[in-house]
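This report concerns only the one structure given below.
The values are calculated or read from the model by the stated rules, or taken from the named source; none is laboratory data. For clarity, every value in this text was computed on a predicted model and none was experimentally measured. Virtual Cβ from ideal backbone geometry, glycine too; neighbours counted across all protein chains shown.
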């Protein structure tokens, strides 16, 4: 395992939640070239650029996410594949695809993170060389790009995507958009080293909170994701990615999720960086996070 990079003075200076949620420190953010869509199609390698939900009940999922987050949906089905694109305030945020779970399947429906690469075949070779398992080989997604799906060496499922268009700009997510992704795993150091090798991340150690390690994955001077220890009390949980949607009020959103048939898995609480968060699941069992974050929080974190 390659050694991971520890935090430097530069990162300590910029590391408020503006950075943690995809923005550079304030002095850079206003004029950063990465905040505007690039004229070419250069990939923002290492950024989570899209999410997809595979669910056994597409109509029920649309009712839930539309009611909770205000998403609207456009039909994208092809042949026998039922597929919709979700939009928040007119901007694409996700895709939802219907697929029946196999009898006796151990895994529940889940959100799949697509991480940007410039070359799918090269990234695939790097992932397999470092112990990943190929779940779906390189393929083209219409209007999206070339992709492949893997399980990392600890079993967490993720996808890579070489987009056929411009990757989304590095700006703070609006309410209803994905704002952060976290990998929960038994061995954060080994997991961080794997993703560092595949995507070229810098890895920064944010310290421990109790028995939970906090590592940050960064590329292009932007934080991309965190790697955290699975709590010891979650003895049956497997390594997995968990992504958060920005909402205006976490407590109200969690209540609304329950009213729409979902469940609260982690009750609303203040996290270590000053944002309110909760973890919920949709009616079919797919977990995701809710995060309340404001401009005032960002300014406070950069002081």
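Values computed for the structure shown
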item	result
Residue in segment 167-188 that is at pLDDT 95 or above, buried (at least 20 other Cβ atoms within 10 Å of the Cβ) and assigned to a helix (DSSP H, G or I) present	yes
Strands (runs of 3 or more DSSP E) completely within segment 48-123 that count 2 or more residues being touching a residue at least 24 places away in the same chain (Cβ under 8 Å)	48-55, 83-88, 91-98, 110-116
Residues of segment 127-139 classified as touching a residue at least 24 places away in the same chain (Cβ under 8 Å) and on the phi < 0 side of the Ramachandran plot, total	3
Number of positions in segment 213-222 that are farther than 21 Å from residue 292 by Cβ and touching a strand residue (DSSP E or B) at 6+ places or on another chain (Cβ under 8 Å)	5
Subset of segment 95-134 (residues that are at pLDDT below 90 and under 19 Å from residue 147 (Cα atoms))	99
Any chance residue 225 is within 27 Å of residue 133 (Cβ to Cβ) and out of contact with any strand residue (DSSP E or B) (no Cβ under 9 Å at 6 or more places or on another chain)	no
Strands (runs of 3 or more DSSP E) within segment 195-247 that include 2 or more residues modelled with pLDDT under 90	202-209, 212-219
Subset tally (residues that are surrounded by 13 or more Cβ atoms within 10 Å (Cβ to Cβ) and assigned to a loop (DSSP other than H, G, I, E, B)) for segment 124-149	4
